[in-house]
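Heads up, the thing below is written out as structure tokens.
The values are calculated or read from the model by the stated rules, or taken from the named source; none is laboratory data. All values reported here derive from a predicted model rather than from experimental measurement. Heads up, the Cβs are rebuilt from the backbone with ideal geometry, glycines too, and the neighbour counts pull from every protein chain shown. Side chains included, ligands, DNA and RNA excluded: accessible areas come from the protein's heavy atoms. Shrake-Rupley method; radii C 1.70, N 1.55, O 1.52, S 1.80 Å.
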There are 2 protein chains.
Amino acid sequence: MSGRRPYATLLAKGEERRQRILTVAQRLLTRNGWRSITLGQIAREAGVSPAGLLHHFESKEQLLHAVLDARDAYDEATRDPSGDLIERIEGRAERFRRAPDLVGMFAVLLIENLNPDAPLHERFLDRYRAAVDTIAEEIRRGQRAGEYRTDLDPAVKAVEIAAFLNGMETSWLLDPSIPLTEVFREYSRSLARQLAPPSDDS
Amino acid sequence: MSGRRPYATLLAKGEERRQRILTVAQRLLTRNGWRSITLGQIAREAGVSPAGLLHHFESKEQLLHAVLDARDAYDEATRDPSGDLIERIEGRAERFRRAPDLVGMFAVLLIENLNPDAPLHERFLDRYRAAVDTIAEEIRRGQRAGEYRTDLDPAVKAVEIAAFLNGMETSWLLDPSIPLTEVFREYSRSLARQLAPPSDDS
DNA sequence: ACCAACCTACTTTCGATTCAGTAGGTTGGT
DNA sequence: ACCAACCTACTGAATCGAAAGTAGGTTGGT
């Protein structure tokens, strides 16, 4: 009964391989980008032939979409609404260390799709705007709740924050020796000071 | 006098064409990146055949280097040491409008060379570190001069500023409708408040 | 005669995708 | 218990298109 491999196991093996390919693709995509990575490299690291890879994903492009979808699903699943904007920014550094392979994928693929004709341009533009809107909305919420001062424009600050967060991802990918924690802490603190309502020492 | 074209003119034409290619390459490179841009596209927009392009630049790679060198030369030439760090950051928005084709080239090519094995990785890493060091050094100068408060780490703040500046380039390339001026002004103002020595209302 | 600035017509290389199989495992009769 | 029809997970050897780069002209000027 040891040589036996029931059908379910076969299917599970296929599924596992598929996951493996997805994981490898995610990492290589982040480090090399879509244009320069080849199916051959992904396949090799995942332990299959290029043709074998295409058994699981029908094209290179479809693989990319699968990776993005998986990433979106992950984001959705790990979204944690606890803490306010500032705390979440500060906690960002931790995420870099916990899931380094996820960091920067957005930034890297975004760059490859800056051109309005690029296939994923719209997807990334929408995503970018959604991110900015989310941040802006959160600032507005804080303002309404009286936690933040109201004399700054949420939309403007949100663009700044998004730029900083995005910039940190690429900086870190380029030079992992930067003082992540300190930078995020420093930025979030300064943000806190900006947003704090004017001298109310009750 | 009209049909005539003395040798000097011929040479001048060649040089002009070379410049034209360089300019076009710069723009297309920024929008599409190195991998996805083709000599054919650059050649077409510059009004030559691919082979004609290679008459001026011996290879695609050499063209890239020429573009980078030209960009470095431009940076060198337009470096203006007037104003302090904060003013220069605020003035950045203006540069986006004045020379839009130059904005983002660093950011885009950087991404394509994140991988330590990438041909230009070192060049970009050095450049990144030099940029951060320059900013840090300027903060230190201000601290020594008593203009800035001394209880923050220049190296940490410099990484933040670099991330923001870099992030703004990509954000703007993706979505040129963002409120550039306002964001730069808001950020530089908040930076000014951070750096200002503690309550000294003389 | 020689050079610069091209051009057209290739050659080469590389990488995605297709194709024809192979090695198992399954399922539903009989 | 056994078989035909079919399925999943692959592999190795083509195919095919795109793009860099080469060869060898052509034209016009010195």
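Which one is farthest from DNA strand D (Cβ to nearest atom), of the residues in the stretch A:23-41 that are open to solvent by less than 50 Å² (accessible area, probe 1.4 Å) and more than 14 Å from every other protein chain (Cβ to nearest Cβ)?
Filtering first and then ranking leaves A:Gln26.
Among the residues of the stretch A:66-81, is any in a helix (DSSP H, G or I), within 16 Å of DNA strand D (Cβ to nearest atom) and at pLDDT 90 or above? Let's see the steps before the verdict.
First pass over the stretch A:66-81, keeping only residues in a helix (DSSP H, G or I): A:66-78.
When the remaining residues are screened for being within 16 Å of DNA strand D (Cβ to nearest atom), the result is A:66.
From what is left, the residues that are at pLDDT 90 or above are A:66.
Yes; the residues of the stretch A:66-81 include at least one that is in a helix (DSSP H, G or I), within 16 Å of DNA strand D (Cβ to nearest atom) and at pLDDT 90 or above.
Look at B:Asp151 and say whether it is free of Cβ contacts under 8 Å to residues at least 12 places away in the same chain, within 13 Å of another protein chain (Cβ to nearest Cβ) and either over 30 Å from A:Thr30 (Cβ atoms) or aliphatic (A, V, I, L, M) (or both). Give the steps one after another, and end with the answer.
On the way: free of Cβ contacts under 8 Å to residues at least 12 places away in the same chain: yes; within 13 Å of another protein chain (Cβ to nearest Cβ): yes; either over 30 Å from A:Thr30 (Cβ atoms) or aliphatic (A, V, I, L, M) (or both): yes.
Against the criterion (free of Cβ contacts under 8 Å to residues at least 12 places away in the same chain, within 13 Å of another protein chain (Cβ to nearest Cβ) and either over 30 Å from A:Thr30 (Cβ atoms) or aliphatic (A, V, I, L, M) (or both)), B:Asp151 qualifies.
If you go through the stretch A:179-200 one residue at a time, how many are open to solvent by less than 50 Å² (accessible area, probe 1.4 Å), assigned to a helix (DSSP H, G or I) and farther than 16 Å from B:Ala155 by Cβ?
Qualifying residue count, the stretch A:179-200: 5.
Only one residue in B:Ala145, B:Ala196, B:Ala99, B:Ala130 is more than 9 Å from chain A (Cβ to nearest Cβ), under 19 Å from B:Asp84 (Cα atoms) and under 15 Å from the mean Cα position of the chain (by Cα). Which one?
That would be B:Ala130, the only listed residue that is more than 9 Å from chain A (Cβ to nearest Cβ), under 19 Å from B:Asp84 (Cα atoms) and under 15 Å from the mean Cα position of the chain (by Cα).
Could you please find all residues in the stretch B:149-178 being surrounded by 18 or more Cβ atoms within 10 Å (Cβ to Cβ), acidic (Asp, Glu) and more than 24 Å from B:Asn32 (Cα to Cα)?
Within the stretch B:149-178, B:Glu160 is the sole residue that qualifies.
Would it be correct to say that B:Thr134 is of a type in the set (Ser, Thr, Tyr), out of contact with any Cys (no Cβ under 9 Å at 6 or more places or on another chain), in a helix (DSSP H, G or I) and surrounded by 16 or more Cβ atoms within 10 Å (Cβ to Cβ)?
no
Which numbered condition in (1) more than 7 Å from every other protein chain (Cβ to nearest Cβ); (2) outside any loop (DSSP other than H, G, I, E, B) is the only one that A:Pro176 fails?
Failing condition for A:Pro176: (2).
Within the stretch A:51-97, can you find the residues that are within 16 Å of DNA strand C (Cβ to nearest atom), surrounded by 14 or more Cβ atoms within 10 Å (Cβ to Cβ) and of a type in the set (D, E, K, R)?
A:Lys60
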